[in-house]
Every structure is written in C-alpha cells, then in structure tokens.
Amino acid sequence: MTIKKNRVPEIAEAGGEIEKNDNTALENKRFQQEEDSTCSFDRIVSRSNKMLAIFKTIRKIADYKTSVLVTGESGTGKELIAKAIHYNSIRRKKPIIDVNCGGIPETLLESELFGHVKGAFTDAYRPKKGLFEEADGGTMFLDEMGELPIALQVKLLRVLQEDEIRPLGYSKIIKVDVRIITATSRNLRDEVNKGNFREDLFYRINVLCLEIPPLRQRREDIPLLVDHFIEKYNKKLGLKIKKPASDCLQCMLDYDWPGNVRELENVIERAMALSEDENILLADMLPPELYQVRETDEDNFSYFDTLSIKKNSRKLEKYLIIQALNETKGNKTKASVILEISLPALLYKIKEYQINS
Ligand SMILES: Nc1ncnc2c1ncn2[C@@H]1O[C@H](COP(=O)(O)OP(=O)(O)OP(=O)(O)O)[C@@H](O)[C@H]1O
Ligand SMILES: [Mg+2]
C-alpha cells in the first residue's frame, strides 16, 4: 500500500469543519488555527456541571505539557475536547495532528508516526518525515488509543519519557517537543489487566483523565444542543426553522441517545431535511425509536396537544398496546389477553399504528 503525503487543511477555529483528505490511508487530520483566532469553547455547547468542570480543568492545564486521556462513549465529543485543549494552549499556533490508531497495520502506523529512511522497508522508495516530527511544538492527538499495537506502545513511551523518536531504519534519535492527548471509548484499565496495554504507558498517558459523560447523564444539554444544531443546519441546508415543537423536544429529552451527541446531530439534520413545516420541527420527523420512547413514557401525558377525545383515544390505545407488548416481551397472544382484545384485533392495530413489534 502506498501512502501519499497528507495535504493540510486549514480551519478558522477549533471545532470547525474538517476537510476530509482522501489522499491518506490513515485519515490523519492536521489543524492550523488562523493567526488572530482566539479559540474558546464556542463550539462546544453545554451547561451541565460535569462539562463545565471539564472546561475549567482544560483552561487550567492547557498550557502545561501534561498528557491528557479523554474517555467517554462514542459520540460524546472526545475529539472536540482534545482540540479545545490544543487551541486553548500556548501551542495553538503549531499543528495538532490527529491519528486514529484503530485498524491500521502496525508497520504502516509506525512509519506514519515515526517516519522512515529510504529503503527502510520494501516500499520505502523515499524518506518520510514522521507525524511526531511534523507535530513538533504542537499536539499529537491519538484516537482509539486502546488499539495501539504493543510494539508501538514501547515507542510511544519513549516519546513521552524522553521526548525523542527514531524513524524506521535510522540510526540516530530525533528530539521532539510534542504534547500528547489520547482518547478511547474502551476501558484501558481492563486492557491493562488483560495484558493488551502496557501498564507503564497507561500511567504516562493518564496523568490527567477527562471523562466525558454520556448525553443521557446530562439531559439539560439537549435543548441547547438542539438549538445549536438547528442553527448549524439552517445555514448548511438554507432553511429557516426556528425551534422544535414542544412534543418533538420532549421526545428528544426522553430518549437515551446511545450514540450521544453525534446521534442527536444526525437526528436533527435528518428531521430538518425531511421537514415539511418551514418554521417548526415536528415530532413526526423523528425516527421511530425516539417516537416510541415518548409513547411508552408512563407518567408523561403532556404530549396531548388537543382535548379531542377521538384523537387522544387513539394515542392512548397505541400507548396501551406498546405497554402490553413491552410487558410480554413482544408476545402478541399474551399481550392480547392483557389488553382484553382478540389476537386478530391486536395484529390489525399494530399494523394500523405502525408499532415496531
Ligand atoms: N458539546 C458539544 N457541542 C457541540 N457539538 C458537539 C458536542 N459534543 C459533540 N459534538 C459534535 O458531535 C459529533 C461527535 O463528536 P466527536 O467526534 O468529538 O465525538 P467522539 O467522542 O470523538 O466520538 P468517537 O468515539 O466516535 O470518535 C461531532 O460532530 C461534534 O462536533
Ligand atoms: Mg473521536
């Protein structure tokens, strides 16, 4: 496999759009901040106490070379946090290089990170500067850290302890000054216990650990994020949607968001793209998994937006059927008994109300 040199996309400020570079097998991304841009947490939307505490810590430690490990479920914003650290630090004028350690053959990753001399291996037709050298004075963001092969873990330890690298096939060492931020959605402590991750490296990268809470543990951020993404996609899609309808917002507040902020962003983009109303985002535009949560929420009948018995009795009927199916783990015969209707009647209603059963 040939790896072409990575072209460097420039962005105006941290958290901005990242230009995808097809030229690289590694999908490394380098960010260069514009001279006058004062990076803040502008693009990280949150009001939850846990996140505000994280921002406070970032401001405090940004200028130190302290290694930071960012943990959290997929889509919680780990990359955004890593960039915020860099752009709030004195290193902001230097590059931040982002490398995803997952799923890349070891030799390829090694030569990308540490570089090689001409002839170091079969395909090494010309010398190549490693990304650590390119990040000199700046920050290296190593994503999916749990996937870093053991052999490279030793080399990384050397960067952390001695500030030096040795390109493949090169006899000398090169001094580098790079701040290392790592991220993982796996439990690295478990990987250490299983023997997949070096304990000494674990302590080195984990000098400071920032744990990003999942979105379901900071639901107060949901309305802010919804507004933020509506604004973002109004610009992108040329729309003028002002806000979500109250029942639509309620659905989003009730949902558990296994894909966290990324899932919320995708849901908003999809709903906006499909929206038939020019001003308001309606609940009908949400994917069914969000809708069903609302329907099964026992205590919450606030979504009755009309007093019409005719309309509400249909909602109530649908709600009762979903409840019965939940209770019987989807057994329709048992559900029909609880509901005191015949099985064919239940099957008909399931179809009519488009219930996922
Ligand atoms: N607090 C936030 N405010 C605004 N946007 C956010 C926030 N958190 C995450 N996002 C957005 O959600 C998406 C996912 O964030 P990011 O890529 O940083 O997550 P991640 O934790 O690195 O995910 P993964 O583990 O899958 O790599 C991005 O588009 C990001 O801009
Ligand atoms: Mg990430």
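Throughout, read-outs are computed from the coordinates displayed, never taken from laboratory work. Computed from a predicted structure; not experimentally measured. Every residue, glycine among them, receives a Cβ derived from its backbone with ideal geometry; neighbour counts consider all protein chains shown.
Positive end of the dipole of the stretch 29-213 (Cβ unit charges, origin at the Cα centre): among Asn193, Val154, Tyr64, the Cα lying farthest that way belongs to Tyr64.
From the largest down, the stretch 304-348 spans 32, 18, 14 angstrom on the principal axes of its Cα atoms.
Placing +1 on the Cβ of every Lys and Arg and -1 on the Cβ of every Asp and Glu, with nothing else charged, gives the stretch 29-213 a dipole about its Cα centre of roughly 380 debye.
Here r is the Cβ-Cβ distance between Lys93 and Ser246 and R0 is 51 Å; the resulting FRET efficiency, rounded to 0.05, is 0.65.
Any idea which of Asn331, Asn312, Ile355 is furthest toward the positive side of the dipole for the stretch 303-357, if Lys and Arg beta-carbons carry +1 and Asp and Glu beta-carbons -1? Positive-most Cα among the choices belongs to Ile355. Compared with the alpha-carbon gap, the fully stretched path from Gln354 to Arg262 is longer by 30.4 nm at 0.36 nm per residue. Per-residue Karplus couplings for the stretch 115-130, computed as 6.51 cos²θ - 1.76 cosθ + 1.60 with θ equal to phi - 60°, are listed in order as x, 8, 9, 4, x, 5, 8, 3, 8, 7, 6, 9, x, 9, 6, x Hz, Gly and Pro entered as x. Taking 7 Å steps out from each Cα toward its Cβ at Lys60 and Glu289 produces label points 3.6 nm apart.
Amide H contacts of Val70: Thr182, Ala183, Thr184, Leu210, each under 5 Å away and 5 or more positions distant or on a separate chain (H built 1.01 Å from N in the peptide plane; Pro and chain starts excluded). If the segment from Leu237 to Lys172 were pulled out straight at 0.36 nm per residue, it would be longer than the present Cα-Cα gap by 18.1 nm.
Could you size up the charge dipole of the stretch 306-357 around its Cα centre, putting +1 on the beta carbon of Lys and Arg and -1 on that of Asp and Glu, and report it in debye to the nearest 20? Mind showing how you got there, number by number?
Working: 10 positive and 4 negative charges, 36 e Å.
Taking the Cα centre of the stretch 306-357 as origin, the dipole is about 180 debye.
Kindly identify the stretch 196-355 as rounded, prolate or oblate by the Cα gyration tensor criterion: order the square roots of the eigenvalues as a ≥ b ≥ c, call it rounded if a/c is under 1.5, otherwise compare a/b with b/c, prolate if a/b is larger, else oblate. Oblate, since a/c reaches 1.5 and b/c is not below a/b.
Please list, in order, the residues from the stretch 102-130 whose amide nitrogen is less than 17 Å from a point placed 7 Å along the Cα→Cβ vector of Ile150. Within reach of a label on Ile150: 106-107. Would you please classify the overall shape of the stretch 219-303 from the alpha carbon gyration tensor, given that a ≥ b ≥ c denote the square roots of the eigenvalues, rounded means a/c under 1.5, and beyond that prolate means a/b larger than b/c while oblate covers the rest? Judged from the Cα gyration tensor, the stretch 219-303 comes out prolate (a/c at least 1.5, a/b above b/c). Going by a ≥ b ≥ c, the root eigenvalues of the Cα gyration tensor, does the stretch 111-222 fall in the rounded group (a/c under 1.5), the prolate group (a/b larger than b/c) or the oblate group? Because a/c hits 1.5 or more and a/b exceeds b/c, the stretch 111-222 counts as prolate. Applying the Karplus relation 6.51 cos²θ - 1.76 cosθ + 1.60 with θ = phi - 60° to the stretch 155-161 yields 3J(HN,Hα) values of 5, 5, 4, 5, 4, 5, 8 Hz, where x marks Gly and Pro. Here's the picture: charge each Lys and Arg Cβ at +1 and each Asp and Glu Cβ at -1 in the stretch 164-245, and of Ala245, Pro213, Ser171 the one pushed furthest to the positive end of that dipole is Ala245. Averaging the Cα positions of each part gives two centres, and for the stretch 233-281 and the stretch 325-346 these lie 33 Å apart.
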